[in-house]
Amino acid sequence: MTSSELQEQLNLKALNLLKEDADKIEKLIEVQMENLATRYCPLYEEVLDTQMYGFSRQVDYAIRVGLIQETIGKQIISRLERNLATLYEAMNNKQQ
């Protein structure tokens, strides 16, 4: 295996791991959206914020070491942030 093949394999593995982590956060958001009608949980919001912060640090690290392209990392984070914003908007509307 050449060094460029190894690098490509590492890049792909890093991207796949980040996507798996992003999917886990997506599932947390989906669960909260489904349970929005039953109750609002500030602890859940805190968990989501912490997960998002940790994930953004992971993406930043992967970008800085050259495992993923900056645009791809930003796209992944942006998608999660949009979904999180939708959740928070729905929670705010529910409280009113």
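The values are calculated or read from the model by the stated rules, or taken from the named source; none is laboratory data. Quick caveat, the model's predicted, so the values are computed rather than measured. Glycine gets a Cβ as well: all are built from the backbone with ideal geometry, and neighbour counts include every protein chain shown. Keep in mind that these areas ignore ligands, DNA and RNA; they rest on the heavy atoms of the full protein, side chains included. Shrake-Rupley method; radii C 1.70, N 1.55, O 1.52, S 1.80 Å.
Condition check for Tyr44 on (1) at pLDDT 85 or above; (2) part of a helix (DSSP H, G or I): one failure, at (1).
Select from segment 45-87 the residues that are of a type in the set (Phe, Trp, Tyr) and open to solvent by 50 Å² or more (accessible area, probe 1.4 Å) and list them in ascending order.
Filtering segment 45-87 down to residues of a type in the set (Phe, Trp, Tyr) leaves 53, 55, 61.
Passing the criteria: Tyr53, Tyr61.
For segment 54-96, give me the residue count where each residue is within 22 Å of Glu34 (Cα to Cα), in a helix (DSSP H, G or I) and more than 15 Å from the chain's Cα centre (by Cα). Of the residues in segment 54-96, 8 are within 22 Å of Glu34 (Cα to Cα), in a helix (DSSP H, G or I) and more than 15 Å from the chain's Cα centre (by Cα).
Does any residue of segment 23-40 turn out to be part of a helix (DSSP H, G or I) and among the aromatic types (Phe, Trp, Tyr)? Checked against the condition, which is being part of a helix (DSSP H, G or I) and among the aromatic types (Phe, Trp, Tyr), segment 23-40 yields no hits at all.
Please tell me if Glu5 is in a helix (DSSP H, G or I), modelled with pLDDT under 95 and either surrounded by fewer than 16 Cβ atoms within 10 Å (Cβ to Cβ) or more than 10 Å from the chain's Cα centre (by Cα) (or both). Spelling it out, Glu5 is indeed in a helix (DSSP H, G or I), modelled with pLDDT under 95 and either surrounded by fewer than 16 Cβ atoms within 10 Å (Cβ to Cβ) or more than 10 Å from the chain's Cα centre (by Cα) (or both).
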